[in-house]
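A.B. asks: Can you read through this structure? Questions will come right after.
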Amino acid sequence: MSRPHTPLLDRVAGPADLKALTDRQLTDLAHELRAEVISVVSETGGHLGSSLGVVELTVAIHAVFNTPRDKLVWDVGHQCYPHKVLTGRRDRIRTLRQKDGLSGFTKRSESEYDPFGAAHSSTSISAALGFAVGRDMGLPTGDAIAVIGDGSISAGMAYEALNNAGAEKRRLFVILNDNEMSIAPPVGAMSTYLSRISQIGPLPILDAVAKDMEKLLPEPMRLGAQRARQMVTGVTGHGTFFEELGFDYIGPIDGHDMTQLLTVLRAARSRSSRPVLIHCCTVKGKGYAPAEGSADKYHGVSKFDVGTGVQAKSSSNAPAYTKVFGEALTQEAARDPRIVAVTAAMPSGTGLDIMAKRFPARVFDVGIAEQHGVTFAAGMAAAGLKPFVAIYSTFLQRGYDQVAHDVALQKLPVRFALDRAGLVGADGATHAGAFDIGFMGALPGMVVMAASDEAELAHMVVTAAEYDEGPIAFRYPRGNGTGVQMPERGEVLEIGRGRIVREGTDVAILCFGTHLDECRVAAEMLEAEGISVTLADARFAKPLDMDLIARLASNHKALVTVEQGAMGGFGGFVLQAMAAQGLLDGRLRVRTMCLPDRFIDHGSPAEMYADAGLTAIDIMAEVSRALRHDTKVVGFRA
């Protein structure tokens, strides 16, 4: 009687265990690992397509290199689920993206196998070069390996790192994971160039690696590979783009062929003393038919049925804020041919795909290039167009210098639609839109709005479209709205004018953004305790409605501001303005409620706001403390 087969994955407690497996077993292990990732993400949701595309590559890297001494740096990190399974975290992998569970990205505090955290793109080569310098200066670190996608390598920071690494001439491994599919199909000259290279066939620049690979090929393919290699190496000065930057170039190779991967990685590791770029072609969503057949290759999915691939639907009947924005902007674009829109590789994520379907020539996807996107929009505004730049709040951080220098300084009417404002849930701290209120509000001439519900968002789209005196920004969260009645078309709001939502006499709560609903709940609880509450929707953080603030200050014992942003934002603006106008007298008690002075780890949005101390109960407690205090309290709540 034969013994039951023990899955190879059960024999892997860490990367060191891969060294005992044969090449054939490593191939089999990859199949098991792929099935494990599919099973996990069906329960947790997450970035499935990108992780499935690097299963074989992940196995091969850990089998060839000596992690964690060798530093494996994943760009973005959303493809790291197979890596986490192989690096001692399999027992926790089904806690992925849940509160107190594993992060959906690489995270230094989580494992020694995550030497550099990430969640934004195009940082890996810079970081890997830093590790290489540390190694060369005698620190206890081995080789550095950066894995970067074809979408991420299109960003300016990646080019800067490649140029610096080539000039440094240090031993460094850059693996280009070319799946021709970032979140949206990659755009631009680099994408075209990579596609052209990958269609030619294997073109190893490293002669020794080329010969090793060619020995494995049948005679006709071997001769073809030799001719292809000569096409690149045979003419002086006509190497690949990467060679011109100082890299040895190997590829393209099949990123799902374990034999090719192992051969190339072993040869490069044993023989290279210079920076090497290994061009690896993969298929996003590989091995799972629903993902391979999906337009976005299941880039980011909710929980789903493994058999059918059908994803769980939201239980809310209210429209998503992103959809409200996309539809409202499309409606305005139909009225005004000067309206154009810019996205940085996120047309569907920002809702601009709705406008693109109707007006494709007026929606511009610049790729993962937020800096360029902002200045590109500034140029269009200077030409007389009405550009809307739709970018997640967390990603606009990458283009802040351009917002300041190219837009605000020149008073150009660029409209910034800041999606994913506030805490966003499972993607965690790296994707939180925590800082835009402060950094946008700091810029002279910038108008800053926040929608308190989906109807308000429609109003702000129209307001921004009609505003041409300078730059204007409006923020809104991830997820669904509150279910309010939607107008047929938004109305133009008076700049710098808020609104009273409910009248009271004891305390005033001044909210900026979609936490207004939480403030309503708090107000009702306070009313039940005999405390009369005025609730106001600020609408604008800049310019502030000083008439409204003065009224609230004069008619109430306490004033509490609430926002879904970091310290130094809306509450700070209110305090500074009140101080300047002499409204902070000894009678009025003022509190500000904002995100604490720390990063909030991933969880559901409700769990994250509870961690931040911004629930209705927290608001009620803050109001009660302010009223009980016998002197005014002014300051930031951390």
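A.B. asks: Which of H31, H83, H431 has the fewest other C-beta atoms within 10 Å, and how do the rest follow up to the most?
C.D. replies: Arranged by neighbour count, lowest to highest, H31, H83, H431 become H31, H431, H83.
A.B. asks: Relative contact order for the chain: what is it in percent, counting Cα pairs under 8 Å that are at least 6 residues apart?
C.D. replies: Relative contact order here is 11 percent.
A.B. asks: To continue, here is another question. Only counting other Cβ atoms within 10 Å, I'd like F116, F599, F573 sorted with the fewest neighbours first.
C.D. replies: Fewest to most other Cβ atoms nearby, the residues stand as F599, F116, F573.
A.B. asks: Right, next: With just the Cα atoms defining each centre, how far is region 513-549 from region 357-384? Give it in Å.
C.D. replies: So the two Cα centres are separated by 37 Å.
A.B. asks: Using a basic spin-label model with each label point 7 Å from the Cα along Cα→Cβ, how many nm lie between R11 and N66?
C.D. replies: Reported label-point gap for R11 and N66 is 2.3 nm.
A.B. asks: What are the semi-axes of the equivalent ellipsoid for the chain, taken as the square roots of 5 times the Cα gyration tensor eigenvalues, largest first, in whole Å?
C.D. replies: The equivalent ellipsoid of the chain has semi-axes of 49, 27, 22 Å.
A.B. asks: List, in order, the whole-Hz ³J(HN,Hα) value for each residue of region 17-23 obtained from phi through the Karplus relation with A = 6.51, B = -1.76, C = 1.60 and θ = phi - 60°; use x for Gly and Pro.
C.D. replies: After applying 6.51 cos²θ - 1.76 cosθ + 1.60, I find 5, 6, 5, 8, 8, 6, 4 Hz.
A.B. asks: Shape verdict for region 321-475, please, from the Cα gyration tensor: rounded (a/c under 1.5), prolate (a/b greater than b/c) or oblate.
C.D. replies: Cα axes put region 321-475 in the rounded bin.
A.B. asks: Length gain on complete extension for the stretch R24 to R108, per 0.36 nm per residue less the alpha carbon to alpha carbon distance?
C.D. replies: Working: separation 84, 0.36 × 84 = 30.24 nm, distance 3.22 nm.
Extra length from R24 to R108 when fully extended: 27.0 nm.
A.B. asks: Ok, one more. Specify whether the C-alpha gyration tensor of region 499-628 places it in the rounded, prolate or oblate class, a ≥ b ≥ c being the square roots of the eigenvalues: rounded for a/c under 1.5, otherwise prolate if a/b is larger than b/c and oblate if not.
C.D. replies: oblate
A.B. asks: How large is the helix-only mean residue ellipticity at 222 nm for the chain, computed as the sum of -39500 (n - 2.57) over DSSP H runs with n ≥ 4, divided by its residue count, in deg cm²/dmol to the nearest 500?
C.D. replies: That calculation yields -11000 deg cm²/dmol at 222 nm.
A.B. asks: Next question. Looking only at GluC sites (Glu not before Pro) in DSSP loops with at most 15 other Cβ atoms within 10 Å, what is the longest site-free stretch of the chain?
C.D. replies: 113-468
A.B. asks: Taking the mean number of other Cβ atoms within 10 Å as a proxy for protection, how do you rank 577-589, 122-134 from highest to lowest?
C.D. replies: 122-134, 577-589
Every number here is computed from the coordinates shown, using simple stated rules; none is lab data. Only a predicted model underlies this, so the values are computations on that prediction, with no experimental measurement involved. So basically every Cβ, Gly included, is an ideal-geometry build from the backbone, and we count neighbours across all protein chains shown.
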